[in-house]
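Structure first, commentary second.
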There are 2 protein chains.
Amino acid sequence: MKEGPDIASIAALIGDPARANMLTALMSGKALTASELANEAGITLQTTSSHLAKLDDGGLIRQRKQGRHKYFSLTSDDVAHVLESLMGLAAGAGHLRTRTGPKDTAMRKARVCYNHLAGDMGIQLFDGLIARQHLVTDGKEPVLTETGQQFVVDFGIDLDALKAKKSPLCKECLDWSERRSHLAGSLGRAFMHRFEDLGWSTRDSASRVVRFSPAGEQDFNRLFGPVHHA
Amino acid sequence: MKEGPDIASIAALIGDPARANMLTALMSGKALTASELANEAGITLQTTSSHLAKLDDGGLIRQRKQGRHKYFSLTSDDVAHVLESLMGLAAGAGHLRTRTGPKDTAMRKARVCYNHLAGDMGIQLFDGLIARQHLVTDGKEPVLTETGQQFVVDFGIDLDALKAKKSPLCKECLDWSERRSHLAGSLGRAFMHRFEDLGWSTRDSASRVVRFSPAGEQDFNRLFGPVHHA
DNA sequence: CAAATGCTTCGGTTATCATCGAACTATGAA
DNA sequence: TTCATAGTTCGATGATAACCGAAGCATTTG
């Protein structure tokens, strides 16, 4: 009724089932066309157009014209973060829409959260970095240690390029399936990208599922898995 | 098409302006009554009641009856975190709301609530016991853990005598200045009594104010103050 | 007991908004 | 040019839900 940040209008945007489905689809990190989003939400193209205009107006999505197509994507990691948090709440409250299926277990194991790795393996990555003291979390956002910076560079990530950008290097993102933190931010994105470059993992084209090859998973566990003390 | 939790229903809950105002008001961490929330949202009590039922149904708030009042608060830090993120997206500053309770600073700090400690220090006692895992609250009334029982005995309280009585050992009591929980029940009374026996505190004869000696407050903070992680 | 206070339930009104059919614009292909 | 595909705009409809008045509980106070 009065002052303060208008969380109601933004939440209302997410609160419509059709729009929520579109946003969830965009959590894959891929840019999608209006038609694809219409299909995701199960509504006609006209209605979709109206929804997309509202989402754009609310600053939740960004659009790029390319030929006669129009590609839509989430505006920022912040938007993805809010959506992921909402999923956490919904999952905690027992508001799951679908019961556990084959795809669900794959989703829980490894999936993309906008542009970084989430699910069980996302948490392993995060915990593994911390266990090896490559990353420290003192209250606020995580920070790379000296050895951590060295490790990242050795792993084949151009750290200087990431630092040059203005977007935050490390961010925590709450996992809705595990209810624990995993690594987001530009470093999280870089890790995801590197895994694919190394051939460790591939993205499922139709969903958010990330599939690791047996060899890739083995390498992953060696570098990020639980630490065994002597 | 439909994967993951149902974020739409939860977002829709937050998406109504009246409910958003209530939730924002509850972000203070304090429990508020239905009437106060009605006032915050600028709607009648009937409508508020309906909204509160929906928020409760969605698992966003939790309610507690005390006397003829009903106090509402956010269910968890997770809820607060989502709201905070939404505010970030809405790109605005937070706003503080109604300030209620005793104006006397001494009363705010420490006072007697029937027979146990209330006010800021009462909350510190309660939070401190939980932070040290001496007390757990899983939905219902708090319960002493193994280490908690040992701690209580070591502190000089005759736990067996308390257990022998029929009155409940631990109860949560809502603080009317801080609007948060503190420890009541026979254990709460025992703590209060022990503080006085140890010479840590004395009761003001004319009011409900409890005065701690400097040394007593120091000891109190050592045992019940905030926990510092290594 | 009765009066007062705090909150809930019920019924009816109103306003909003998601939805689709149809018509329109824009880009690309034949 | 003509056709096809991608997306937008407009108008009408229908369902949902926010809202309040009035009456009903429940608890405390006098």
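Across the identical copies, the 7 Å label point of A:Lys65, projected outward along Cα→Cβ, sits 6.2 nm from its counterparts, in ascending order. Helix A:45-57 and the longest principal axis of the C-alpha atoms of chain A enclose an angle of approximately 60°. Taken over chain B, lysine pairs spaced eight or more positions apart, or on distinct chains, with alpha carbons under 14 Å apart number 5. Between the Cα long axis of helix B:77-90 and the first principal axis of chain B there is an angle of about 40°, rounded to the nearest 10.
Across the options B:Gly119, B:Asn221, A:Ala164, the greatest Cα extent toward the positive end of the charge dipole of the protein assembly as shown (unit charges at beta carbon of Lys, Arg, Asp, Glu) belongs to B:Gly119. Positive-end ranking of B:Met87, B:His51, B:Ala190 along the dipole of the protein assembly as shown, with charges on Cβ about the Cα centre, is headed by B:His51. For peptide A:78-89, the mean count of partner chain Cβ atoms within 10 Å of a residue's Cβ comes to 6.
Relative to the longest principal axis of the Cα atoms of chain B, helix B:185-197 runs at roughly 50 degrees. Peptide B:186-194 is shielded by partner chain Cβ atoms: per residue, an average of 0 of them sit within 10 Å of its Cβ. Could you list log10 I(q)/I(0) for region B:7-90 at q = 0.11 Å⁻¹, which the Debye formula gives when each Cα is one point scatterer? One equal scatterer on each Cα of region B:7-90 leads to -0.25.
In debye, nearest 20: dipole of region B:105-224 around its Cα centre with unit charges on the Cβ of K, R (+) and D, E (-)?
Charge dipole, region B:105-224, about its Cα centre: 380 debye, nearest 20.
Estimated at the nearest 10 Å², the accessible area of A:Phe224 is 0 Å² with a 1.4 Å probe. Along each principal axis, taking the top coordinate minus the bottom one, the Cα set of chain B gives 61, 43, 40 Å in descending order.
Look at the stretch B:58-64: the mean tally of other chain Cβ atoms within 10 Å of its residues' Cβ atoms is 2.
With the convex hull of its Cα atoms as the shape, the protein assembly as shown has an orientation-averaged projected area of 27.6 nm². In a reduced charge model with +1 at each Lys and Arg Cβ and -1 at each Asp and Glu Cβ, chain B shows a dipole moment near 800 debye about its Cα centre. Under the convention that each Lys and Arg Cβ holds +1 and each Asp and Glu Cβ holds -1, the size of the dipole of region A:1-66 around its Cα centre is about 200 debye. Distance between the C-alpha centres of region B:183-220 and region A:3-72: 58 Å, rounded to the whole angstrom.
The values are calculated or read from the model by the stated rules, or taken from the named source; none is laboratory data. Model, not experiment: these values are computed from the prediction. Ideal geometry is used to build each Cβ from the backbone, glycine not excepted, and the neighbour counts take in all protein chains shown. For the accessible areas, the whole protein counts, side chains as well, though only heavy atoms, and no ligand, DNA or RNA atoms are used. Shrake-Rupley method; radii C 1.70, N 1.55, O 1.52, S 1.80 Å.
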